[in-house]
Amino acid sequence: MAEVKVYGIFAGPFNRRVELALKLKGVEYEYIEEDRSNKSAELVKYNPIYKQVPVLVHNGKPICESLIILEYIDETWQAIAPLLPKDPYQRAMAHFLARLIDEKFVMAKYKVCYGKGEEKEKGRGETCEVLKYLDNELQDKIFFGGDNIGFVDIVASYVALWFGAIQEAIGVELLTKQKFPKLSKWIDEFLSCRIIMENLPPRETLVPLYKAQFEAATQKASS
Amino acid sequence: MENDKVILLDFWASMLGLRLRVALAEKEIEYEYKEEDSASNIKSPLLLKMNPIHKKVPVLIHNGKPVCESFIALEYIDEVWKDKAPLLPTDPYERAQARFWADYIDKLYENFGRKIWSTKGEVQEGAKKGLIDSLKLLEQAALGDKLYFGGESFGFADIALIGIYSWFYALEIFGNFSIEAECPKLDAWDKRCKLRESVSKSLPDPHKIYELLLELKKTYGLE
């Protein structure tokens, strides 16, 4: 009997995207909540190299790293809700956008939050550069995946929800309707989808977490 | 494929570009090679047009459309030219494993390799240890007693590592250590890969890599 488990943390953007993919495809799974300060023996067994969430375990075999897990889910449960396009070039573009978010955008956001002076400014510039790129990529589509939620939409949930919470927590406003109209419209559309609302943590729970994180880091830096 | 125009925008010393050269050779794809001088700070108009956001090689240009980032381009090549020399296995779990190890391999240069030639003292020693420990893990967990990372066939993870391996001669001199002595199975794997024409014809001269890094050390005052 097929058995699927997901190891994650409540506020974790990377494991939530794995759960979204499984929910979109109607795959049942068992969710295990991890405590980052006290990792379970199973997590360490299934992800001995990085010892972090998310991990997907399918029939006892672990898959790690969220983008790799998403592709595995799409390749294993092909019949329902395909996440990636069939055309090789469109697939390459989807991967490019996903990495842009996970690498350049995440790093830039880090500079905005914790960088000083020139580094902070550079972070702001790079954040807006990625947001502009995403805004252009949307064109007239409802979702990055076209008419349906796809791979890039799932990955970009980080921009829609978590980045929004971070902005509120640290008091910056880089992602505005004025500067990024298409992206803002996509965010509204995406976050109001029932499957998204039911499977992502409420923004009100994320803002205090990020506020606390930011304050702790700022205090540590000045002590 | 008829009427296919493939251009590879690359830099002779690029460990990432080397991956694409090997893949194109494995699949016997004809292409035009265009050299980009990544050692200078001048970016060609073609590079800026084809990779405006990262401005880096390699870029695969297929019938005028750019595919950036080496792993994305490798998968694209594998999907478009699927009839010869498959780079990824067909089973989704095996594919996830190949992608996982390729991703692990990719971190080796950024985390350790770069510091081995560009730093000294404690930082350099730390980087050397980090690289050796990581390679030993790779040897034990990913390669084992197999011919290649994927088993009997040369594939994705092998191509990922062979790119970085081309820089090891230079790193060994700068760091005054021997990877062969520490990782004999990987060394045997490296020699096995070099027997393949796709690899031997694509590899840059390791002495020239060493000379390039010497020059870069001078340019950036890292002596």
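The values are calculated or read from the model by the stated rules, or taken from the named source; none is laboratory data. What you see is a predicted model; the values in this text were computed from it and never measured. Counting neighbours? That spans all protein chains shown, and the Cβs are built from the backbone with ideal geometry, glycine included. These accessible areas exclude ligands, DNA and RNA; they are computed on the full protein's heavy atoms, side chains included. Shrake-Rupley method; radii C 1.70, N 1.55, O 1.52, S 1.80 Å.
Quick notes on this one:
- Residues of segment A:122-168 that turn out to be within 14 Å of chain B (Cβ to nearest Cβ), polar (S, T, N, Q) and open to solvent by 20 Å² or more (accessible area, probe 1.4 Å), as a count: 1
- Of the residues contained in segment B:188-210, none is found to be open to solvent by less than 20 Å² (accessible area, probe 1.4 Å), of a type in the set (Gly, Ala, Ser) and closer than 19 Å to B:Trp117 by Cβ.
- Checked against (1) more than 14 Å from chain A (Cβ to nearest Cβ); (2) assigned to a helix (DSSP H, G or I), B:Ala141 passes all but a single condition, namely (1).
- Residues that are more than 11 Å from chain B (Cβ to nearest Cβ), surrounded by fewer than 19 Cβ atoms within 10 Å (Cβ to Cβ) and among the small types (Gly, Ala, Ser) do occur in segment A:103-121.
- Failed item, numbered, when B:Ala23 is tested on (1) at positive phi; (2) surrounded by 13 or more Cβ atoms within 10 Å (Cβ to Cβ): (1)
Okay, residues lined up against (1) touching a Ser or Thr at 6+ places or on another chain (Cβ under 9 Å); (2) among the hydrophobic types (A, V, I, L, M, F, W, C); (3) within 17 Å of B:Phe100 (Cβ to Cβ); (4) surrounded by fewer than 19 Cβ atoms within 10 Å (Cβ to Cβ):
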position: A:Val4; (1), (2), (3), (4): no, yes, no, yes
position: A:Tyr7; (1), (2), (3), (4): yes, no, yes, no
position: A:Val18; (1), (2), (3), (4): yes, yes, yes, no
position: A:Lys45; (1), (2), (3), (4): no, no, yes, yes
position: A:Tyr50; (1), (2), (3), (4): no, no, yes, yes
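- Single condition A:Cys64 does not satisfy, out of (1) loosely packed, with under 14 Cβ neighbours inside 10 Å; (2) within 9 Å of chain B (Cβ to nearest Cβ): (1)
- Some residue of segment A:20-40 being assigned to a loop (DSSP other than H, G, I, E, B) and within 11 Å of chain B (Cβ to nearest Cβ): no
- Of the helices (runs of 4 or more DSSP H) contained entirely in segment B:1-109, those carrying at least 3 residues that are farther than 27 Å from B:Ala170 by Cα and within 14 Å of chain A (Cβ to nearest Cβ) fall at B:70-80, B:92-108.
- Residues within segment A:67-100 that are under 30 Å from A:Lys45 (Cβ atoms), in a helix (DSSP H, G or I) and more than 8 Å from chain B (Cβ to nearest Cβ), tallied: 5
- Residue under evaluation A:Val57, criteria (1) open to solvent by 30 Å² or more (accessible area, probe 1.4 Å); (2) at pLDDT 95 or above, criterion not met: (1)
- Elements of type helices (runs of 4 or more DSSP H) in segment B:149-196, at least 3 residues being under 14 Å from the mean Cα position of the chain (by Cα): B:156-165, B:184-194
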